[in-house]
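These notes are about the structure you will find just below.
The values are calculated or read from the model by the stated rules, or taken from the named source; none is laboratory data. A quick note: this is a predicted structure, and the numbers were derived from the prediction, not measured. Here the Cβ is made from the backbone with ideal geometry for all residues, glycine too, and neighbour counts use every protein chain on show. Keep in mind that these areas ignore ligands, DNA and RNA; they rest on the heavy atoms of the full protein, side chains included. Shrake-Rupley method; radii C 1.70, N 1.55, O 1.52, S 1.80 Å.
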Amino acid sequence: MKQAEFTGKSNRLFAAIVPDRTFLESVSPLLASLKHRNWPGRVRWTPLENLHLTVRFLGDTDHERFLRFRDALRASSATWKELDLVLSHPVFLPKASKARVIALGFRPSPELSSLAASVEQAAVSCGFEPEKRPFMAHMTLGRCDVLDLRDFQTVTDLEGPSFSVRSMELVKSSLTKTGTVYGVLETLKLMPGQ
């Protein structure tokens, strides 16, 4: 994702982990094979360069709240540890019988759960509504109209690949005629593990 600046009165924001180029290249064949499967409806696939793991969606955010949230994240970032994430399973959200999202899930990570809890605390302290759903690490591959995917076999073994997380990004999302464009407003480094 390219660097961006906050523009206008408000921007659509989220905190995310952006995988490195090596990980994206390693999952590219998997994504290509998924796109060519016989899905029971139309799927709008996420471009490879837009893949990310959303830690916290914020939505439309004015500049003042963006600055408060950014500063809260900066203050919290000293406690965040670098971590490794490993792909583990396909995910259909909100559930397989009424899927609107096709995603890849990750093996549970206490470090990622801790990071997500810290980001949630920062968001709430800045006046964002508390997230109603529990955090579930996933990378959205595509969106669709409601599909029943209970019997749909996509991938039987997704163990790996993995990638090392060394930073978290505060990302701006802009809707354009040609699709969604993401831009990084701030990169927050994670501390080396022990």
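So here's what we get for this one:
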read-out: Around Pro19: net Lys/Arg minus Asp/Glu count, Cβ-Cβ under 15 Å; value: -3
read-out: Principal-axis tilt of helix 110-125 within the chain, Cα atoms, nearest 10 degrees; value: 50 degrees
read-out: Relative contact order [Cα under 8 Å, 6+ residues apart], the chain, whole percent; value: 35 percent
read-out: Max mean-square fluctuation residue, GNM over the chain, Cα-Cα springs under 10 Å, options Val55, Val91, Val27; value: Val27
read-out: Label-point gap, in nm, between Ser174 and Lys9 - each point 7 angstrom along Cα→Cβ; value: 1.9 nm
read-out: Where labels lie 7 Å past Cα in the beta-carbon direction, separation of Glu49 and Met136 in nm; value: 3.1 nm
read-out: Aspartates and glutamates whose Cα lies under 18 Å from that of Lys132, excluding same-chain neighbours fewer than 8 positions away; value: Asp60, Glu120
read-out: Difference of contour (0.36 nm per residue) and Cα-Cα distance, Glu64 to Leu24; value: 11.0 nm
read-out: Table column - 3J(HN,Hα) (Hz), segment 168-184, Karplus curve with 6.51, -1.76, 1.60, x for Gly and Pro; value: 10, 10, 9, 10, 9, 10, 10, 8, 10, 5, 9, x, 7, 10, 9, x, 7
read-out: Around Ala122: net Lys/Arg minus Asp/Glu count, Cβ-Cβ under 11 Å; value: +2
read-out: Theoretical gain in end-to-end length, Ser164 to Asp71 [0.36 nm per residue, Cα-Cα removed]; value: 31.0 nm
read-out: Compactness of segment 7-80 as Cα Rg over 2.2 N^0.38 Å, two decimals; value: 1.50
read-out: Where labels lie 7 Å past Cα in the beta-carbon direction, separation of Ser113 and Lys189 in nm; value: 2.9 nm
read-out: Å³ per residue enclosed by the Cα convex hull of segment 78-124; value: 92 Å³
read-out: Farthest positive-ward along segment 38-138 dipole, Cα basis, beta-carbon charges - from Met136, Asn38, Ala123; value: Asn38
read-out: The chain - Kirkwood radius from inverse mean 1/r over Cα pairs (Å); value: 17.6 Å
read-out: 1.4 Å probe accessible area per residue over segment 59-194, in Å²; value: 55 Å²
